[in-house]
Amino acid sequence: MEFAATNAWKEAVLNRVIFTNISDAADSPAHDTVLYVGEQVVLDTLRRKYRNLPRKYVPLPNGLVAVQSTPSLSLGVFAKRAFKPGDVVVRERPFLIAAADICFDPSAGGKKVNPLIGNSVLGEILKLAERHFLPPNRDGFAALLTDYSLNPVHDLMKDMFRSLFRIGEEDLETSGVYKDYRLVSRVASRINHSCSPNVVCHFDEATFTFNAVVTREIQIGEEILTTYCPLELPRAERHRRLLPYNIDPCRCEACEMTDQEGPNQRRKMIYNFDIRKVIDLSPRKALKKLIGVRNAIEEENLQFLPVYPMVLQLMGSFWAKLGKSTLSEGLQKQADLYHSIHTSGPSR
């Protein structure tokens with residue numbers, strides 16, 4: 001695409017963007033107010049889907065986590081108490097939610113990502129957004145930009161909302177709008193990357209809240225970590241994928257291990273796992289494969305992956321066929337917990 005055409009599309013996107021402060025009520029405090037940046041049709045769709053948008057939510061108790069300095073990544077989020085899988089460690093309304101359809105180039109089939117457009121428009125949006133914030137949020141947003149070492153609008157967030165931010169597809173397709181969003185969070189923007197993360201992140205559109213849910217046990221003082229890249233890849237490829245985030249190289253616990261042969265083999269096993277090739281096997285043969293994948297996931301601390309509850313559920317089903325009801329029920333219960341963690345997020 002020529003530069004002139006890119007600029008024209010950028011102007012077209014900016015011209016249709018609205019800035020709307022959304023809160024529970026007119027007298028809501030600023031910290032519960034989200035600045036929505038996007039097209040009116042998307043906001044109208046949400047308001048049709050959810051009466052009284054955003055719905056009330058239950059805030060978490062104070063003091064669960066703290067933002068502190070890290071040895072290498074400026075700031076991070078740390079646990080002030082122990083957490084178990086399924087616990088919510090962060091629940092908050094973000095500063096800003098922005099439509100990420102600005103990354104799509106309609107002249108290239110409508111859904112081809114054009115990073116030049118996306119980055120350029122996002123930069124303009126961040127400049128324009130500041131004047132639309134309520135005063136306390138304006139100060140907090142400005143502080144985030146000055147004390148955070150990475151761009152707060154991560155590609156991670158775009159990927160997250162491609163699958164988690166759901167709006168009526170029929171309305172959006174009719175209007176030429178896509179369901180891809182980015183956000184700028186408050187505390188959650190400081191959650192750093194790890195190749196063995198301990199939380200999975202969700203956005204609940206009904207309440208307009210960001211939620212970080214624990215996927216494995218977290219001890220007091222441990223850092224809260226998510227991921228910015230596909231976890232099943234070997235270390236070298238993960239490091240390549242992390243370069244756009246100024247992580248060069250990743251020094252998480254998984255990457256600092258001297259011997260990478262075992263971890264790379266386990267992650268390859270997880271990556272190549274195909275449920276369809278297991279379903280029709282005999283129970284004992286299926287369980288042998290499933291136990292191998294389950295063990296690989298747990299050894300690599302990758303309970304973050306959506307395949308984990310699927311493996312647990314299948315193990316439970318096959319143990320039931322062998323008459324091991326107690327073992328089966330335990331696995332099914334564990335599978336249900338992780339299925340909830342990975343799909344619907346925390347219960348309310």
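What follows is calculated from the coordinates using simple rules that are stated; it is not laboratory data. It should be emphasised that the depicted structure is a prediction, and the values quoted were computed from it without experimental measurement. For neighbour counting, all protein chains shown are included, and Cβ atoms are generated from backbone atoms with ideal geometry for every residue, glycine included.
Listing for the model above:
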read-out	value
Neighbourhood net charge (13 Å Cβ-Cβ; Lys/Arg +1, Asp/Glu -1) for residue 255	0
Set 49/268; 84/288; 84/268 screened for pairs whose C-alpha atoms are more than 31 Å apart	49/268
Simple spin-label estimate for residue 16 and residue 128 in nanometres, 7 Å along Cα-Cβ	1.3 nm
Contact order relative to length of the stretch 179-298, as percent, for alpha carbon pairs under 8 angstrom and 6 or more apart	22 percent
Overall dimensions of the stretch 257-342 as given by Cα atoms, namely Rg and Dmax in Å	13.1, 43
Separation in nanometres of the label points that stand 7 Å from Cα toward Cβ, at residue 66 and residue 333	3.5 nm
Gain on full stretching of the segment that runs from residue 142 to residue 298 - 0.36 nm per residue minus C-alpha separation	52.2 nm
Over the stretch 257-342, relative contact order from alpha-carbon pairs under 8 Å, at least 6 apart, %	26 percent
Projected label distance in nm at residue 243 and residue 277, using a 7 Å step from Cα toward the beta-carbon	3.1 nm
Cut-off under 5 Å, modelled amide H: who pairs with residue 192 long-range	77, 226
Pairwise FRET efficiency - residue 81 versus residue 322, Cβ, R0 = 30 Å, nearest 0.05	0.15
